[in-house]
Amino acid sequence: MDNYNKDKIEKDGAETEKFHENYIEGRNAVLEAYRSGKTIDKLFVLDGCQDGPVKSITREARKHDSIINYVSKERLDQLSETGKHQGVIAVSAAYSYAEVEDILQIARDKGEDPFIFFLDEVEDPHNVGAIIRTANAVGAHGVVLPKRRASGLTATVAKASAGALNYVPVARVTNLSKTMEALKEEGMWFVCADMDGTEMYDLNLTGSIGLVIGNEGSGVSPLVSKTCDMIASIPMMGQIGSLNASVAAGVLGYEIVRQRLGTESAPDNAARVMVDLLKK
């Protein structure tokens, strides 16, 4: 079985993806990967190829809920490192996925209100890994990713998480907004980041909370943004008007921690310090 890491930037229509993932090439290798229980995020299949072995592979892919992309031979040749893909290349996850219910159960077991990060089309694996690391640091119970237009649990994500992926369960869902709607019915509130929102210190971020972090370039998608109950802005004091997705996740994540601990907000603390100085 050929199983290796690859760094590649490729274009597929308007979509650009960064790959540094585990690739499995060849019909027997891919089929055995499925049968052995390996988690396969994506399957690339030669468009128009419908022979018996390929049908067996795509049947396994559907059974395991992998994303199937039918592509040209040129695209497969571009992805292939061995040149012997036989019309199929699978992209395996470095770690297994959890279910959303697993994440909620962790919160129940701890007797805590759920605190979950939701990543809306965050495509850079370094950002995904850094956010998983932050999720662990702030005591979040898990992370939820969409299946499409998002980085999976690749080797790069694992490395960027600095080991946090061993402790933070990550679930993958077909429709992020529908998952959020279902969780809202269970009492969860959702907040996303946007510069036109309410300053984060003025929002109530306690209780069962989902923190939504948007795409590196376009931010939170309109449908997901509409599903959110609150839109938070992060105070920016300098000339740059935005933050990297993983940095924004850290800032908002720790504001949620601060409110959960019941400590003073940054503006309130600054005002208190000023009053103390004036008294002297």
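The numbers here are math on the coordinates, done by the rules we state, and not lab data. Please read these numbers as outputs of a predicted model, since none were measured by experiment. Note that each Cβ is placed from the backbone with ideal geometry, even for glycine, and that neighbours are counted across all protein chains shown.
Of all DSSP-defined beta bridges confined to region 100-265, some 5% are antiparallel rather than parallel. Ordering 170, 244, 134 by Cα displacement along the dipole of region 100-265 toward the positive end leaves 170 in first place; charges were set at the Cβ atoms of Lys, Arg (+1) and Asp, Glu (-1). Remark: 51, 41 ranked as 51, 41, counting other beta-carbon atoms within 10 Å and listing the fewest first. Taking every C-alpha pair closer than 8 Å and separated by at least 6 residues, the mean separation divided by the residue count of the chain gives a relative contact order of 16 percent.
Assuming a ≥ b ≥ c are the square roots of the Cα gyration tensor eigenvalues, decide whether region 129-191 counts as rounded (a/c under 1.5), prolate (otherwise, with a/b larger than b/c) or oblate. Oblate, since a/c reaches 1.5 and b/c is not below a/b. Which residue fluctuates the most in the chain, going by a Gaussian network model with Cα springs under 10 Å, if the choices are 162, 249, 193? Fluctuation is largest for 162. Close amide-amide hydrogen proximity is noted between residue 173 and 145, 147, each under 5 Å apart and 5 or more residues distant or on a separate chain (H modeled in the peptide plane; Pro and chain starts excluded). Using a ≥ b ≥ c from the Cα gyration tensor of region 39-80 (square roots of the eigenvalues), is it rounded, prolate or oblate, where a/c under 1.5 gives rounded and otherwise the larger of a/b and b/c decides, a/b for prolate? Note, shape of region 39-80 comes out oblate.
For a footprinting-style exposure proxy, rank 255, 216, 199, 25 by other Cβ within 10 Å, fewest first.
199, 216, 255, 25
Amide H contacts for residue 190 (H built 1.01 Å from N in the peptide plane; partners 5 or more residues away or on another chain; cut-off under 5 Å): 210, 229, 230.
Hey, with R₀ at 35 Å, roughly what FRET efficiency would residue 218 and residue 55 work out to, going by the Cβ-Cβ distance, to 0.05?
It comes to 0.40.
Over the Cα atoms of the chain, the radius of gyration divided by the Kirkwood radius equals 1.05; this is the Rg/Rh ratio.
DSSP beta bridges fully contained in the chain are about 40 percent antiparallel.
Where a ≥ b ≥ c are the square roots of the eigenvalues of the C-alpha gyration tensor, would you call region 100-265 rounded, which needs a/c under 1.5, or, failing that, prolate if a/b is larger than b/c, or oblate? It comes out rounded by the Cα gyration axes. From least to most packed, judged by other beta carbons within 10 angstrom and beginning with the fewest, 67, 57, 131, 106 follow the order 67, 106, 57, 131.
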